[in-house]
Amino acid sequence: MMAKRSVFSILLFFMFFGISKAQFTVHKMVHVGYVYQNQSFAELGGRLLFLKNDDMIYRLGVAGMIGSVNGQFAVVPKIQGDILLNFARNVDLYHSIYFLAGAEATTKYVAPKAGVTLFALIDFTGGYAFPIDQAGINGKELKGLNFNFTINLPLVMLHDLLK
């Protein structure tokens, strides 16, 4: 199990940083959303969007999942990485929808995920969580199918709105 996690971590590292040596533009974003993982959670966090061209976009983020598990308040830290893909050429409307593939890891589970995103601002993803900690949260193990809905807010946009 430990070897699989190490291989996955190394693979993810090279996918995000080792493939291209070109200069990336980095955008900071705040995201809020809903996560269902055997339990409902609100999610709040930050992301970095790495953009070289608009065909392939990389995102790295950290978040906190906040909810009530078995009647007790719980906060679960989460890290995530995504690749957004769209290779449509000269089609503005279709180029707004990206295929999303990624993974998220918490102190309780690791979950690959796939989905779609609209302009990299609204995400709909689903995946399957593999438990790391068998004890779970407040006696409830987090495993199985999951669903995520997220709204990403670029800090530049928030700064301009608050002026």
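The numbers here are math on the coordinates, done by the rules we state, and not lab data. Keep in mind it's a predicted model, so treat the numbers as computed, not measured. All Cβ positions, glycine included, derive from the backbone under ideal geometry; neighbour counts span all protein chains shown.
Sorted from longest to shortest, the spans of the Cα atoms of segment 79-152 along the three principal axes equal 51, 18, 18 Å. Among 51-58, 63-70, 78-85, sorting by the average number of other beta carbon atoms lying within 10 angstrom of each residue, highest first, gives 78-85, 63-70, 51-58. Relative intensity of segment 26-102 on a log10 scale, I(q)/I(0) at q = 0.15, 0.23 Å⁻¹, equals -0.62, -1.03, per a Debye sum over C-alpha point scatterers of equal strength in the absence of solvent.
Each residue, K140 and D55, gets one label point 7 Å from its Cα in the Cβ direction; the gap between the two is 4.4 nm.
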